[in-house]
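Scroll down for the structure; my scribbles are underneath it.
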Amino acid sequence: MKKNRKLAVSAIVLVLFLAVFFCMGQAAYAGDKPIIAIGHLPHFTGAYGATQAPFAAAQEDAIEWANSVNYVKGAELKLVWVDGGTDPAKSLAGFKKMAAGNPAPVVIIGESTGIGTALVKMHAKAKIPDVEGGMSLAMIDPPSWTFCQPPPYVNQFGAWVDYYLEHIWKGPGKPKFAWLTWDNPFGKSPMTKEADLYLQSKGIEIVAREFIPNVPSNTIAQAMRLKKSGANFSYGGMYPSALSIVLKDMDKIGMTGQISIGMSYATNLDELVGYVGPLANGVHITSIGTLVNEWSKKCPMVQEMYDKKKRTDNKWAYGNCWSKFAIAIEAVRLAAEKVGPDKVDGQAVSDALISMKGFDGWGTSPKISYSETRRVGMDSVDIQAVENEKVVSKGYTTAPELLPGGKDVPK
């Protein structure tokens, strides 16, 4: 009797041990398919909330579409996400929550320069790669577990300078340039000594540096200084909700049309037109996304899901989110092909990202390539502008290499 009891207890212990072992060490399954989690750290609240709100629909639709076409053969993709709230502490807590999940994500998509920079070491420690929508030098040098989608902001700035000189500047005299940008890491990121050298090498005079709060209410003082400076063109980075205040204040002091405003890709021009109408005419961005009126031709799956779900979200932001999920999901596919869908982990996805060459983002963006030493996905931008309250493409422009030591930095 005692022997039987001992055997029973031993059997129970063994079952419990095996249960714990398999929960901790084996993939979760949906039927006979392993579940592979893809994480997302968007900012649906805080300063970034207005522009990133459409990411909520896009993240679900991208995962649903990929599963519907069995994009990662033999696996079921699962979306896990938390709202970072445009707040580093909240984002860190959200990252830890996702990383501790079951299944834990094998890749996380980030949506903020400042927060992506703050989490570089966390991604490396957790061995979960970051497909990052932001960009900073700290993310890419030295090469880490963070893989940035866009060209460095200083390179985007160089592309805008080249475009302005070739297509807009008519003279006479030297062009006068002003920084007009958000007062945060994203806004200030292109303001480097290499950028100054690039301007000087082109015979351009820097006449102003104006900084805009994350959530501005009155920018008359900045607009007045900008007007007094006599700047012909500007560059910076901010969301359209902030730029709309600047444009309205510039209009109040008679500046509309007097300066060519260039912005990084995050200034959603469709959203900007919705805020200020004709005041947006002439604003240019160094875009990394396909124009929405070209979806049917270049990335039909995005148009298909938008229509199928009867979405009414801002299309630019919706497509922008898809472009990052395309990179992450393609990396998971490459990893699954190499190690098997049941063995995909952060290391396998990181290796897949490093091997990614010339990936077209399902038609949502310029081509993406990474390597052992390169953590920047793109080397070109699509110059887009508002004309008659419509967003148009001016074509792709190569982004000069203006990071420290870059080949296009003036000697």
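Just a few scattered comments:
- Lone unmet requirement of (1) among the hydroxyl-bearing types (Ser, Thr, Tyr); (2) farther than 27 Å from Lys324 by Cβ; (3) not assigned by TED's automatic domain parsing to the domain that holds Val276 for Tyr198: (3)
- Only one of Val161, Val154 that is part of a helix (DSSP H, G or I), under 16 Å from the mean Cα position of the chain (by Cα), over 26 Å from Met98 (Cα atoms) and among the β-branched types (Val, Ile, Thr): Val154
- Residue in region 153-178 that is surrounded by the fewest Cβ atoms within 10 Å (Cβ to Cβ), counting only those that are under 21 Å from Gly134 (Cβ atoms) and of a type in the set (Gly, Ala, Ser): Ala159
- Taking the criterion of being in contact (Cβ under 8 Å) with a residue 24 or more places away in the chain and either aromatic (Phe, Trp, Tyr) or open to solvent by 50 Å² or more (accessible area, probe 1.4 Å) (or both), the residues of region 309-336 that qualify are Lys309, Arg311, Lys315, Trp316, Tyr318, Trp322, Phe325, Arg333.
- If you go through region 354-378 and pick out every residue that is open to solvent by 20 Å² or more (accessible area, probe 1.4 Å) and part of a loop (DSSP other than H, G, I, E, B), you end up with 9.
- Thr181 meets all of the listed conditions (1) in a helix (DSSP H, G or I); (2) of a type in the set (S, T, N, Q); (3) open to solvent by less than 10 Å² (accessible area, probe 1.4 Å) but one, namely (1).
The values are calculated or read from the model by the stated rules, or taken from the named source; none is laboratory data. Just so it is clear, the structure is predicted and the values come from calculations on it, not from any experiment. Quick reminder, even Gly has a Cβ in these numbers, built from the backbone with ideal geometry, and neighbours come from all protein chains shown. Heads up: the accessible areas ignore ligands, DNA and RNA and are worked out on the full protein's heavy atoms, side chains in. Shrake-Rupley method; radii C 1.70, N 1.55, O 1.52, S 1.80 Å.
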